[in-house]
1. Going through segment B:389-408 one residue at a time, which ones are within 14 Å of another protein chain (Cβ to nearest Cβ) and either farther than 21 Å from B:I8 by Cα or not acidic (D, E) (or both)?
2. Looking at (1) more than 14 Å from chain A (Cβ to nearest Cβ); (2) out of contact with any Lys or Arg (no Cβ under 8 Å at 6 or more places or on another chain), which one does B:G386 not meet, given that it meets all the others?
3. May I ask you to verify whether B:L124 is within 14 Å of chain A (Cβ to nearest Cβ) and over 24 Å from B:F25 (Cα atoms)?
4. Quick check on segment A:303-315: of everything there that is touching a Cys at 6+ places or on another chain (Cβ under 9 Å) and loosely packed, with under 15 Cβ neighbours inside 10 Å, which residue is farthest from A:L248 (Cα to Cα)?
5. May I ask you to list the residues in segment A:197-228 that are among the basic types (K, R) and either at pLDDT below 85 or assigned to a loop (DSSP other than H, G, I, E, B) (or both)?
6. Go through (1) among the small types (G, A, S); (2) in contact with an Asp or Glu (Cβ under 9 Å, 6 or more places away or on another chain); (3) away from chain A (no Cβ under 11 Å); (4) open to solvent by less than 30 Å² (accessible area, probe 1.4 Å) one by one and return the number of the condition B:G343 breaks.
7. Please determine whether any residue of segment A:36-46 is in contact with a Lys or Arg (Cβ under 8 Å, 6 or more places away or on another chain) and surrounded by 10 or more Cβ atoms within 10 Å (Cβ to Cβ).
8. Looking at (1) within 14 Å of another protein chain (Cβ to nearest Cβ); (2) modelled with pLDDT of 95 or more, find the lone condition where B:N415 falls short.
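The values are calculated or read from the model by the stated rules, or taken from the named source; none is laboratory data. Nothing here was measured: the structure is a model prediction, and the numbers come from that model. Please note: Cβ atoms are built from the backbone with ideal geometry, for glycine as well, and neighbour counts cover all protein chains shown. Heads up: the accessible areas ignore ligands, DNA and RNA and are worked out on the full protein's heavy atoms, side chains in. Shrake-Rupley method; radii C 1.70, N 1.55, O 1.52, S 1.80 Å.
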Amino acid sequence: MISSILLLGGIGFLAALILGVSAVTFAVKMDPREQAVLEHLPGANCGACGYAGCAAFAHEITTNAEAEMACPAVNEEALQAISEVLGRTLGGSAPLIACVRCKGVPEQTVNRYEYVGPKDCRAAQLVAGGSKGCRYGCLGLGTCEAVCPFAAIMMGEDGLPHVIESLCTGCGKCIDACPRSIIQLIPRSGNYYVGCISKDIAKDMKPLCKVGCIKCGICADICPFEAITVSKDASAVIEQSKCNRCGLCVSVCPTGIIAAVRMPGKVRISPEKCKGCSICEQVCPVEAISGKVKEPYLVNEGKCIGCGLCIEKCPADAIERIIS
Amino acid sequence: MKTFKGGIHPPEEKKLVKDNPIVDFPLISRFYVLVQQHLGAPAKPIVSAGDEVRKGQVLSEPLGFVSVPVHAPTSGKVKEIGRMVHPVTGLLAPCIVIDADGKDEWADGLPLERDPFSMSREELLNAIKSAGIVGMGGATFPTHVKLSPPKDKPIDTFIVNGAECEPYLSSDHRLMLEQPDRILQGTRVAMRILGLDRATIAVEANKPDAIRLLREKAPADIQIEALKVKYPQGAEKQLINALTKREVPSGGLPMDVGAVVQNAGTCAAVWDACARGIPLIERITSVTGRGVVQPKNIRVRVGTLVREVIEFCGGLNEAAKIIFGGPMMGIAQFTQEIPIMKGTSGVLVLREEDTNITLYSACISCGRCVEACPMGLIPSVLSKLGEKGMWEKAVENNLLDCVECGSCTYVCPANRPIVHFVKHLKALSRAASAKSKGA
């Protein structure tokens with residue numbers, strides 16, 4: 001009895017001693033800030049920063065004083081926290097969001113054949129270039145959903161992937177996985193995109209898909225900022241740096257495929273500041289503003305598309321967006 | 001009887017068409033000659049819309065050594081250089097459309113008379129390349145490339161592949177029965193090119209009539225070997241293994257073990273090219289399967305629409321699936337508006353009950369695919385990696401040695417599309433290496 005206690009106790013003491021000594025002598029010196037930074041990173045190890053994972057990036061940004069914030073998934077709050085930990089101001093890149101540039105739901109499109117193979121768009125693409133009649137359209141097997149490390153893409157009942165705005169971090173994993181390059185990253189701030197990338201001319205495309213870009217060019221003509229380009233054999237493309245989110249293109253598109261990742265807020269005219277100059281009424285492209293000269297003007301919220309043209313032109317700074 | 005390890009025994013289904021003599025497909029009014037009918041570097045059309053062409057005239061210029069031209073299947077006028085669904089890729093590909101004038105006149109000087117056995121090796125190889133000859137078993141690799149192995153790979157074995165192990169197909173069988181002399185003479189031309197004094201023609205034992213006839217006709221330097229009936233007996237590496245007991249090393253080619261294999265139909269085309277200067281503009285194709293009313297073996301010109309071929313065979317009957325080639329390795333088609341190509345050994349039409357399109361389930365690790373794999377791989381592991389897209393791990397598991405014969409998929413009780421997974425993994429690994437090269 002006694003001997004057993006002594007023996008086991010002795011072994012325990014010896015082991016504790018070895019552990020205690022080695023913990024001191026072989027300790028890995030780690031910058032405590034690294035751990036702190038890691039806690040604020042998303043932890044999805046998506047690799048969008050260009051490093052092997054969140055830990056590798058945390059190490060880089062802590063040890064290298066010139067390293068920029070390369071994580072596209074980090075939010076404003078976390079960026080602030082990391083800046084505090086590191087004691088230097090980090091500039092975040094403009095937050096991006098993924099958008100799916102195809103609106104070809106099964107009811108509006110034709111299939112060339114019935115596909116029965118593995119549920120992976122990349123594998124389906126190998127079979128005669130995919131079953132969808134349109135060779136640019138979404139195959140709808142959800143490879144983007146499967147690779148998204150943030151569960152921000154969900155295959156909808158309409159057979160197309162939907163980006164969940166609050167979860168998407170703009171890491172770009174889905175873009176690499178999509179065999180048809182349908183997904184694109186655009187700035188988060190409510191920008192518009194064209195939901196079609198077909199290069200087929202309208203005559204060839206129309207029998208395959210009823211909701212594709214027919215290259216009519218109305219959007220390009222109406223865009224006040226010349227942000228949209230379209231040609232006979234390329235779908236309309238919105239140049240994001242020029243887009244001012246006026247939304248005029250949405251209202252004129254005959255196939256209704258231009259959409260925004262987040263609709264911009266409508267505007268409101270402050271009655272105290274408005275001097276009743278009527279400039280806003282003149283610039284409004286949708287006749288949403290009305291009123292009498294020298295009296296405060298009013299916005300018809302039902303008509304306002306939130307383009308913001310009036311905000312720019314108002315000499316009295318009386319117009320602002322309603323943040324929804 | 002000689003054979004290899006592994007493999008499967010699918011129902012042969014050859015009786016549908018094997019006793020039907022070859023019939024000539026009539027001259028039709030329009031041909032669609034795809035520019036790319038071979039594996040390798042592309043070719044460029046050298047005719048333009050409105051040009052008059054004659055039968056056997058060159059229509060395209062090969063761009064590179066591993067490339068061959070295509071030729072006009074009949075005389076007539078080029079309607080346009082259009083685009084057509086390519087039966088292999090399923091995508092639109094450049095295609096020379098020819099309106100026949102009905103005269104079917106040969107180009108100047110064709111067919112000529114010459115003795116291939118007095119021609120030099122280079123002259124023969126040139127004749128083969130300019131005749132546009134490719135492997136007619138289906139892989140369509142340019143024949144002149146296969147017949148000119150590099151100097152550091154000495155060749156001591158030449159095998160003519162008459163195994164025709166794909167179920168349903170009988171085009172090589174009919175050719176061996178009806179025109180054995182073309183095959184034997186073509187074999188001797190190939191032997192002359194390779195500098196060999198003997199060759200073997202390998203035929204599966206389910207064609208006893210062809211074996212008997214070839215043995216009667218064959219000169220002493222050509223041996224006829226009967227092989228066990230087993231799929232994929234006609235796959236290059238399995239054929240070499242069965243006859244010579246040599247194993248092509250992982251990642252290697254038959255020439256690494258001193259062997260060259262040519263399809264029987266290719267040998268016949270080689271003879272036409274070398275002795276008479278006739279390019280590869282027609283081939284023998286089995287139109288078969290229970291989905292077509294009258295299965296036939298036809299001699300058809302390259303560029304004939306499949307729709308017309310099927311009409312010639314009495315039309316479709318409860319058809320569910322049209323396949324170019326055999327049921328094991330052939331390529332399913334989604335339209336009948338595609339042309340016959342140089343490598344179209346068969347047009348197989350299956351009914352719904354002949355196909356298996358049930359959904360697949362999880363791997364039950366039964367190991368049947370491992371037993372069936374003629375390459376000694378572990379298909380179950382590859383299929384699981386395929387589901388996850390883990391191509392790096394798959395390459396470690398010898399992914400690239402898979403010949404995509406389909407034996408594993410055939411035996412899988414869970415209906416797993418294993419070959420599809422393998423093709424998917426191969427595509428991912430190709431894309432990744434292309435990306436790393438570009439970066």
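1. First, pick out the residues of segment B:389-408 that are within 14 Å of another protein chain (Cβ to nearest Cβ): B:389-391, B:394, B:404, B:406.
Across segment B:389-408, the qualifying residues are B:G389, B:M390, B:W391, B:A394, B:G406.
2. (1)
3. Numbers: within 14 Å of chain A (Cβ to nearest Cβ): no; over 24 Å from B:F25 (Cα atoms): yes.
The answer is no for B:L124.
4. First, pick out the residues of segment A:303-315 that are touching a Cys at 6+ places or on another chain (Cβ under 9 Å): A:303-311, A:313-315.
Now drop any that are not loosely packed, with under 15 Cβ neighbours inside 10 Å, which leaves A:303, A:313, A:315.
Working: A:K303: 12, A:K313: 17, A:P315: 23 Å.
Result: A:P315.
5. First, pick out the residues of segment A:197-228 that are among the basic types (K, R): A:199, A:203, A:206, A:210, A:215.
Once the filter is applied, which keeps residues that are among the basic types (K, R) and either at pLDDT below 85 or assigned to a loop (DSSP other than H, G, I, E, B) (or both), segment A:197-228 yields A:K199, A:K206, A:K210, A:K215.
6. In the conditions (1) among the small types (G, A, S); (2) in contact with an Asp or Glu (Cβ under 9 Å, 6 or more places away or on another chain); (3) away from chain A (no Cβ under 11 Å); (4) open to solvent by less than 30 Å² (accessible area, probe 1.4 Å), B:G343 misses (2) alone.
7. Initially, segment A:36-46 is screened for residues in contact with a Lys or Arg (Cβ under 8 Å, 6 or more places away or on another chain), giving A:46.
Filter once more, so that each one left must be surrounded by 10 or more Cβ atoms within 10 Å (Cβ to Cβ): A:46.
Yes, the conditions are met somewhere in segment A:36-46.
8. (2)
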